[in-house]
Amino acid sequence: MKKHNNSAKKSELTAKRDKTRSSVEREPKEVLAELVEKLKEKLDSTSVRMGAGQEHSGGLHPNLNRLTIGVDLGDQSSHYCILGLEGETLAEGQLRTTPQDVAEFFQVLNPARVIIEVGTHSAWVQEAICGCGHEVLVANPRLMDGSKRRKRKNERIDANKLARLGRVDPQSLHPIWHRSKEVRQDLVMLRARDALVRTRTELINTTRELVKRMGSRLPNCSSPSFAQRVEEAVPVEAREALSPLVHLTAALTDFINEYVEKIEKLGSEKYRHKSLLRQVKGVGPITALAYVLTLENPKRFVKSRDVGPYLGLAPGQQDSGDSQPQLGISKSGDTMVRKLLGGSAHYILGPFGPDTDLRRYGQRLCERGGKNAKKRAAVAVARKLAVLLHRLWVSGEVYEPLRQTSPEMTAAA
């Protein structure tokens, strides 16, 4: 009797598993057609509909009167999970991560809340789904509870988790809103230049290392003048092998110079308010434009001090009870802007930096000594510089290099 009951249970589980597998493996259009018919009976015609691209008025609330869809974006295909009004799983499956497939998938659905994670494709996916009349939340996985404690993790489970969090606790997603399409297009030029600079640096370091292995050294010089200075200094026996690297470095320098001209033209014609930022000695056209495009809207920050943590220039925290370890900066913001601000900070603290409050602040930190005192000072100056630039941008004030220094102290010095 027990064997008969066990065999019956096994057959029942197998039937359920086969049914679930067949529903997942079905074509998305078939699933959607069946799903839309079922939803006509459940959904009220007066469901709340949030306009695409609007701010969430009154904060985020649980989504109990619309569909909730979690989408785990992948490079080739994405997994989705659709939850009903009572939190039941209505459909699961995959769709190709292309603009056409995404639009076709969401056009036939009733207005819903869609949750995706920030990533390579999240910007255009957000625009495509919003264009179909849905509310889109872009989750920030860096601030969400990680998956390290989960023993099972795959795309289907991630999509289901996103949908359930977005339905009952959207605040835990720490949602973000992507920059506008125009700003993202302008950032492409800056990021392309940054990629060329990194490639040129890698070529220069590789050339110097290979020459050192042969017992020689190349002369010190700047990156733009590297090809001219070292072409004749390369050992004769390695010249045939290393000449292509040197010539490629020269070609990259020419391309970088072309990008610089285009960036300066773009900033002067389209983003004239960046001139407020260039009042600070050490902030060039590239740094100013990258800062403006990354923040996009300065009014999104209530306090200027919030810009430092946004760009990853504030120390991380992992406090637990009496344990309060001193950590490095979080590095959670835009890497390119953080690196450019660091370069400006090094210039301010360097031999050619003018006498300003920022320089004096960094020098005081250097005088404390300790391990990596100069690096800590440069990071602190970069953080203060980020705050200062935001303040100048918002207020439109004229920059005073020695504002915190009284006239009497300046005269005495």
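The values are calculated or read from the model by the stated rules, or taken from the named source; none is laboratory data. Quick caveat, the model's predicted, so the values are computed rather than measured. Here the Cβ positions follow ideal geometry from the backbone for every residue, glycine too, while neighbour counts run over all protein chains shown. Calculation scope for accessible area: heavy atoms of the full protein, side chains included, ligands and nucleic acids excluded. Shrake-Rupley method; radii C 1.70, N 1.55, O 1.52, S 1.80 Å.
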Q: Using Cα pairs closer than 8 Å and at least 6 residues apart in sequence, work out the relative contact order for the range 264-413, in percent.
A: 27 percent
Q.
Can you give me the Rg/Rh ratio for the range 358-409, using Cα atoms for both radii and the Kirkwood formula for Rh?
A. 1.06
Q: Please sort by residue number the GluC sites (Glu not before Pro) in the range 327-410 whose DSSP state is loop and whose Cβ has at most 16 other Cβ atoms within 10 Å.
A: Glu397
Q: Taking H placed 1.01 Å from N in the peptide plane, check which residues at least 5 places from Ser330 or on another chain put their amide H under 5 Å from its amide H.
A: Ala314, Gly316
Q) What is the Cα centroid distance between the range 128-188 and the range 231-291, reported in whole angstrom? A) 35 Å
Q) To the nearest 10 square angstrom, how much accessible area does Cys81 have with a 1.4 angstrom probe? A) 0 Å²
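Compute for the range 160-302: radius of gyration divided by Kirkwood radius, i.e. Rg/Rh, restricted to C-alpha atoms, rounded to two decimals. Working shown, then result.
Details: Rg = 21.9 Å, Rh = 18.7 Å.
With Rg and the Kirkwood Rh in hand, the quotient comes to 1.17.
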**Q.** Length-normalised contact order of the range 140-280 in % [C-alpha pairs under 8 Å, at least 6 apart]
**A.** 22 percent
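With an 8 Å Cα cut-off and a minimum separation of 6 or more residues, compute the relative contact order for the range 207-262 in percent.
33 percent
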Q.
For a quick check of understanding: with a 1.4 angstrom probe and all protein chains in place, what accessible area in square angstrom does Cys221 have, to the nearest ten?
A. 40 Å²
Q. Among Lys161/Lys181; Lys181/Lys375; Lys181/Lys384; Lys161/Lys303, which pairs are too far apart, with a Cα-Cα distance over 32 Å?
A. Lys181/Lys375; Lys161/Lys303
Q. log10 I(q)/I(0), Debye, Cα-only the range 259-413, no solvent, q = 0.16, 0.20 Å⁻¹?
A. -0.94, -1.34
Q | For Glu202, solvent-accessible area (1.4 Å; no DNA, RNA or ligand), Å² | A | 120 Å²
(Q) I need the Kirkwood Rh of the range 98-198: take the reciprocal of the average 1/r across all distinct C-alpha pairs and report it in angstrom. (A) 15.3 Å
